[in-house]
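The values are calculated or read from the model by the stated rules, or taken from the named source; none is laboratory data. Please read these numbers as outputs of a predicted model, since none were measured by experiment. Neighbour counts are summed over all protein chains in view; Cβ atoms, including those assigned to glycine, are modelled from backbone coordinates with ideal geometry. Heavy atoms of the whole protein, side chains included, go into the accessibility calculation; ligands, DNA and RNA do not. Shrake-Rupley method; radii C 1.70, N 1.55, O 1.52, S 1.80 Å.
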Amino acid sequence: MTQPTDIRRAFAPGRPLLVLDAFCCIGGATEGYRRAFPDCHITGVDKEAQPDYRGDAFHRGDAIAFIRAHGDRFDFIHASPPCQGEGAPTKGTNAARNAAIGRTYPRLITPTRAALEATGRPYVIENVAGSEVRKDIRLCGESFGLGVLMHRYFELGGWSAPQPPHPAHRGRVRGWRHGAYHDGPYVAAYGKGGGKATVDEIRAAKGIDWSTDHFRLREALPPAYTQWIGAQFLTSRALGVAA
C-alpha cells in the first residue's frame, strides 16, 4: 500500500519519528526501523557499551528503567529482552546444568511489558519461541531470503498487523548434529565450533555490515525483520488500525 506523504502527522508535526530500541545490542533492530521509517531519530539503550551501535543516540544503562523514566517521550518503542532467561537455557537439562554451576538468567519480558504499557506508546517486544512474549507475529529468515532461519516472535502493543505466511525451508542448517555433519543453505549463527558460522558468514547471512564482533553479531536481530515490522506499523497507522 502507498503510504501518505507525511505519516508523522499521526504523532508530532515538524519533527522526526522518535524511536527507542531497548536492549539494542549493535542495533540490528535499529537498522531495520531506519530503513522502514522515512524520517526518524532512533535512540538505543543497553546495559553494555555498544561501540558499533547503528542508531542516532545511545544510552548505557538499564533498559527497563530507561523505558519507565523516558519511554513516553518516544513515538514507537522496540524491546528485545535477552532470550537467555526465556528460552532453552532455562528449561529441562539446560536449566539443571545452569543451576548446578550457579548460573541464573532473569526473566525480563513481564517487567518490560509493564514498563511499555505504562508509557501509552505503541510498542514491539521480540523474543524466542519458549518465551512469555505474546506470539502476535512470527518471522523467519527464509521470508526475506536470508542465510539464517532464526525464528523470532513479536508482541505488538497498541497496534496490530497480519501474520505473514511462513515459507517452506529450503533445506537444513549447516553443521554437526548428534555426530553427523549436514550441509544446507542456512548457517548456525550461534556459538562456535561444530560448523557454526564465522563472522563473515553471519554478516552475510543476517545482512549486517557494520560490525565484526562475533558475539554481538550472533545476538543481533536481522534488520529485515524490523524493516518489515516498521512497514506494517506505518500501514496500520495509515489505516487507523489499533490492537
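Residues of the stretch 117-173 being of a type in the set (Lys, Arg) and outside any strand (DSSP E or B), which ones? Even if it seems obvious, please write down each step before you answer.
Quick first cut of the stretch 117-173, residues of a type in the set (Lys, Arg) only: 121, 134-135, 138, 152, 170, 172.
Hits for the stretch 117-173 are Arg121, Arg134, Lys135, Arg170, Arg172.
Please go through the stretch 200-243 and pick out each residue that is of a type in the set (D, E, K, R) and open to solvent by less than 10 Å² (accessible area, probe 1.4 Å).
Residues of the stretch 200-243 that are of a type in the set (D, E, K, R), as a first pass: 200-201, 203, 206, 209, 213, 216, 218-219, 237.
Across the stretch 200-243, the qualifying residue is only Lys206.
Anything in the stretch 187-218 that is within 19 Å of Gly44 (Cα to Cα) and touching a Pro at 6+ places or on another chain (Cβ under 8 Å)? List them, or say none.
The answer is Ile208, and nothing else.
Within the bounds of the stretch 206-214, is there any residue that is touching an Asp or Glu at 6+ places or on another chain (Cβ under 9 Å) and small (Gly, Ala, Ser)?
yes
Which numbered condition in (1) without any contact (Cβ under 8 Å) to a residue 24 or more places away in the chain; (2) in contact with a helix residue (DSSP H, G or I) (Cβ under 6 Å, 6 or more places away or on another chain) is the only one that Gln227 fails?
Every listed condition holds for Gln227 apart from (1).
Here's the yes/no breakdown for (1) open to solvent by less than 30 Å² (accessible area, probe 1.4 Å); (2) in contact with a Pro (Cβ under 9 Å, 6 or more places away or on another chain):
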site	(1), (2)
Arg134	no, no
Leu139	yes, yes
Ser143	no, yes
Gly147	yes, yes
His151	no, no
Leu156	yes, yes
Ser160	no, no
Gln163	no, no
Pro167	no, no
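Every residue in the stretch 45-62 that is of a type outside the set (Val, Ile, Thr), farther than 13 Å from Ala220 by Cβ and assigned to a strand (DSSP E or B), please.
Ala57, Phe58, His59, Arg60
Has the stretch 105-121 got any residue that is at pLDDT below 95, touching a helix residue (DSSP H, G or I) at 6+ places or on another chain (Cβ under 7 Å) and farther than 24 Å from Ala65 by Cα?
No: zero hits.
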